[in-house]
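Worksheet: the structure to be examined is printed underneath.
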Amino acid sequence: MNKKPVLFALLFFVFSVKIFSQDSLSKWKVQLYFGIEEHDKRLFNYSEKWTLLSMQPERWGTYSVKAEVERKLLSKWIFTLYSGFGLQYELATFLRPFDHFYFSDGRTIYILWHEDRYNKIGVLTNTRLTTKIISNVYFDMEVYPVFNIFRLIDNSAIKDRKYFPYKKWEFEFVKIQANAGLCLQYKRVAIGFYYRFYNYQKIDKIIFNKILKDPRTDQTWEYFNPVHYDFSIAYSW
């Protein structure tokens, strides 16, 4: 495993905890994000690749909701630095095969199904730099490592619940993301629009494995950044 992203995440975590605990910092912010992302349509050499792609011509299909609580660390000139923690939910709806045996829940596998509901819940620790451009308009840049805590695989077309869902609780470092965008502030309320410009993630072996004939057998991490946008609303006090 590449140790660099793990070290990077730990440094962010330690920095956040250390500063976050200082009582002299009293400025708080709660921010809620709603995200949309392009389908990840990588199917490599899977035998049903072209059938699945022709069935799903849509560009968009991954959705997310993220909530963060932040505390101001310092403010200098036009710059303000925040740090905090959050919770993130993600749903991918692309129909694709998956590794049934990853979940190891003891059920008997009679047939290999596809999934079209891949749910993930993760926790994160974030660091945000806000720069004032003009009155009430700010440029935001945020970096945050994500630790996955829950996965659930389902198929919306399968009515027999003895096969679905597959689910698992865990605690696993899965990605580092970075967003940039514009924020409009009115008194204590702010709205923002963000673009994810960086996404370094652990390869998900649930959906990228021998079934797809994924050639990256000795690779654990990848840089992969499908287009992702977030709309946010925030309240500060």
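Remarks
- For segment 35-92, a residue qualifies if it is among the basic types (Lys, Arg) and either under 19 Å from Ser156 (Cα atoms) or not in a strand (DSSP E or B) (or both), and the qualifying residues are Lys41, Arg42, Lys49, Arg59.
- Pair list, Cβ under 8 Å, 6 or more apart: segment 198-225 residue surrounded by 13 or more Cβ atoms within 10 Å (Cβ to Cβ), other residue assigned to a loop (DSSP other than H, G, I, E, B) and small (Gly, Ala, Ser): none
- Answer residue from segment 168-194, given it is free of Cβ contacts under 8 Å to residues at least 40 places away in the same chain and touching an Asp or Glu at 6+ places or on another chain (Cβ under 8 Å) and is surrounded by the fewest Cβ atoms within 10 Å (Cβ to Cβ) among those: Phe193
- Selection status of Lys162, among the basic types (Lys, Arg) and assigned to a strand (DSSP E or B): no
- Any hit, segment 103-111, residues being under 21 Å from Asp204 (Cα atoms) and touching a Lys or Arg at 6+ places or on another chain (Cβ under 7 Å): yes
- Restricting segment 190-235 to residues that are in a loop (DSSP other than H, G, I, E, B) and aliphatic (A, V, I, L, M) leaves a set whose member that is farthest from Ile36 (Cα to Cα) is Ile211.
- Near pairs, Cβ below 9 angstrom, 6+ apart or cross-chain, from segment 51-68 (free of Cβ contacts under 8 Å to residues at least 24 places away in the same chain) to any residue that is surrounded by 12 or more Cβ atoms within 10 Å (Cβ to Cβ) and in a strand (DSSP E or B): Arg59/Glu38
Quick grid of which residues meet (1) surrounded by fewer than 17 Cβ atoms within 10 Å (Cβ to Cβ); (2) not aromatic (Phe, Trp, Tyr):
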| residue | (1), (2) |
| --- | --- |
| Ser64 | no, yes |
| Thr130 | no, yes |
| Ile133 | yes, yes |
| Tyr144 | no, no |
| Phe147 | no, no |
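Taken together, the values in this text are just the output of simple stated rules run on the coordinates, not laboratory data. Remember, it's a predicted structure, so these values are computed and weren't measured experimentally. In this analysis, Cβ positions are derived from the backbone assuming ideal geometry, glycine residues included, and neighbour counts consider all displayed protein chains.
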